[in-house]
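A short worksheet on the structure shown next.
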Amino acid sequence: MLNVAIIGSGPAGYYTAEGLLKSFGDEVCIDIIDRLPTPFGLIRAGVAPDHQSIKAVSRRFEATSLSANVRFVGNLSVGDGVTIEELLQLYHAVVIATGAPADRKLGVPGEELPGVVGSAAFVGWYNGHPDFATIAPPLDTDSVAIVGNGNVALDVARILAKTPGELSGSDIAAHAADALAQSRVRDIHIVGRRGPHQVGFTPKELGEMGELQRAYPVIEPADFPPAVADAALDPGLRKVVGFLREFAGRPPRRDAPVRIHFHFFAKPVAVEGDGKVERLRLERTALTQDGQAIGTGDTYAIACGMVVPCIGYRTSPIPGVPYDAALGRFANADGRVAPGLYCVGWARRGPTGTIGTNRPDGFMIAEEIAADAPDGDRAGPAGLDRLVAERDLYVVTFRDWQKIDAAEVARARTGAPREKFVRVDEMIEHSRS
Ligand code: NAP
């Protein structure tokens, strides 16, 4: 019997489990370990709460969890409750699937001012992640600047722009829904250091920006290259640029109080303010031949009370695991970190791609484990249970999580799929019920 521990219960972890079940069938025992009592990682705490259809993939992961050879071991922190070295002793293979939960830094003066809220924190806040549930972003401002031209920037802008009614069918955390209902934000600025041809948006996500009840996009037509240049773009990006051009041609909407301004060719050079964010200073950029943004020396400022950098993420290091600080992920060769130790998903390749990108990733790691043909006896799940008992740790099983799940569904607002518990102690209490 092959014993495998997967650290992290997000999409990369679950797809790896699927791949292992496909490769090894009944000859594998898999423990999926998570520091939280709740499974599904980014599906629960990263995917926007108004994108419920994307969250539906968790049903597939639920089926994997309920297979006889797989256990969810929640509320167990690796590096704290158990170490990597101990896991490597207990299992033939250990796969790190911890994602990239920390914000990349802007690296400009003023970044530490109150009112700068990184996307991991902001997204975690509206999604009810226990680490960020109490951050209280300053929404008592009429203007917010979002830095970055990827889908996370769109998620943040959309959540800020939507009406309470538009969010009613989502699983946004109650504290965020209440705070957003009181929000004074009227101008949302999305800042990109490059141009419309270099954005990381995808068509569906950008298209939603043109369909909001009380908000509309504002784009400067002069920011576009000549339309003939669009023909050279790949089809997805061409569609995105088509949306941007169409938005730029729309008249202002008198019925909509919230504006979403797209600023292209502008890079942040400082966050300014007296004790808190008051302005984001930008430098106009030009593109080099190879498409990089360089500053022109010409600066301007956007008045704003909050800055949300959505410029990518870094994996959090784990003691004893080689880390590539420059790339912000574990040092690895195609997912191999050290004998018996692998990484997968964002922890392997950095924060790019959709949920589905993790499927081939997870299957590849399963094939590598098969190719490495680990042998010898390992204590596996029974050994982990012994360690947990010795240390008097309380772990949450998948059945326990189903009790938390049922309690969240039972207390949902009318029309919402669930009301999440946002404190670990509440989750634990319900897991014991
Ligand atoms: P992303 O798509 O890589 O976008 C990051 C943005 O930040 C880019 O526009 C980048 O500009 C900019 N940036 C990076 N460093 C910067 C700096 N120092 N100053 C100014 N701008 C900077 O990342 P993301 O939005 O965090 O999304 C991560 C992944 O998750 C992506 O693959 C995304 O598509 C995916 N995602 C998907 C969905 C969905 O499908 N609904 C939702 C959310 C996220 P440059 O291009 O110039 O580097």
**Asked** Residue separation times 0.36 nm, minus the C-alpha to C-alpha distance between Ala338 and Thr163: what's the value?
**Response** 58.1 nm
**log₁₀ of I(q)/I(0) at q = 0.11 Å⁻¹ - region 84-221, Debye sum with one point per alpha carbon** = -0.49
**Prompt:** What are the semi-axes of the equivalent ellipsoid of region 274-385, taken as the square roots of 5 times the eigenvalues of the Cα gyration tensor, listed largest first and rounded to whole Å?
**Reply:** 43, 19, 13
**Request:** Mind pulling the angle between the C-alpha long axis of helix 235-248 and the longest principal axis of the chain? Nearest 10 degrees, somewhere in 0 to 90.
**Result:** 40
**Asked** Can you give the FRET efficiency for Arg423 and Asp234, using 1/(1 + (r/R0)^6), R0 = 35 Å, r = Cβ-Cβ distance, to the nearest 0.05?
**Response** 0.20
**Asked** How high is the FRET efficiency from Ala373 to Leu327, r the C-beta distance, R0 41 Å, rounded to 0.05?
**Response** 0.90
**Prompt:** Sorting Ser53, Ser9 by accessible area (1.4 Å probe), largest first, what list results?
**Reply:** Ser53, Ser9
**Asked** How many Å³ per residue does the convex hull of the Cα positions in region 105-309 occupy?
**Response** 126
**Prompt:** So what does Glu27 come to for accessible area, using a 1.4 Å probe and Å² rounded to 10?
**Reply:** 110
**Message:** Can you order the peptides 72-82, 338-348, 57-67 by their average number of other Cβ atoms within 10 Å per residue, highest first?
**Reply:** 338-348, 72-82, 57-67
**Asked** Pairing the Cα long axis of helix 358-372 with the longest principal axis of the chain, what angle in degrees results, from 0 to 90 and rounded to the nearest 10?
**Response** 30
**Request:** With a point put 7 Å past each Cα toward its Cβ, work out how far Thr83 is from Glu211 in nm, to one decimal.
**Result:** 5.3
**Extension reserve of the Asp140-Arg413 stretch, reckoned as 0.36 nm per residue once the Cα distance is removed** = 95.8 nm
**Request:** Please check which bits of region 189-231 a label hung off Arg250 would reach, taking the label as a point 7 Å along Cα-to-C-beta and the cut-off as backbone N under 13 Å.
**Result:** 206-220
**Request:** For the chain, just the Cα set please: Rg and Dmax, both in angstrom.
**Result:** 22.8, 71
**Message:** From the protein chains alone at 1.4 Å, what is the descending order of accessible area for Asp385, Asp377, Asp31, largest first?
**Reply:** Asp377, Asp385, Asp31
**Prompt:** Rounded to the nearest whole Å³, what is the per residue volume of the convex hull around the Cα atoms of region 269-313?
**Reply:** 84
**Prompt:** Given Lys55/Lys204; Lys162/Lys420; Lys55/Lys162; Lys22/Lys403; Lys105/Lys276, which pairs have Cα atoms separated by over 24 Å?
**Reply:** Lys22/Lys403
**Fill in**
Sorted by accessible surface (1.4 Å probe, heavy atoms of the protein chains only), largest first, Lys55, Lys403 come out as Lys403, Lys55
**Asked** Magnitude of the Cβ-charge dipole of region 123-257, K/R +1 and D/E -1, about the Cα centre, nearest 20 debye?
**Response** 340
**Prompt:** What does a probe at Lys22 reach in region 333-359, counting residues whose amide N is under 11 Å from the point 7 Å along Cα→Cβ?
**Reply:** 359
**Message:** Suppose only helical runs count, i.e. DSSP H with n ≥ 4. What mean residue ellipticity at 222 nm does that imply for the chain under -39500 (n - 2.57) per run, divided by all residues and rounded to the nearest 500 deg cm²/dmol?
**Reply:** -9000 deg cm²/dmol
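The values are calculated or read from the model by the stated rules, or taken from the named source; none is laboratory data. None of these values were measured; they are calculated from a predicted model. Virtual Cβ from ideal backbone geometry, glycine too; neighbours counted across all protein chains shown. Remember, those area values only see protein heavy atoms, side chains included, never the ligands or the DNA or RNA. Shrake-Rupley method; radii C 1.70, N 1.55, O 1.52, S 1.80 Å.
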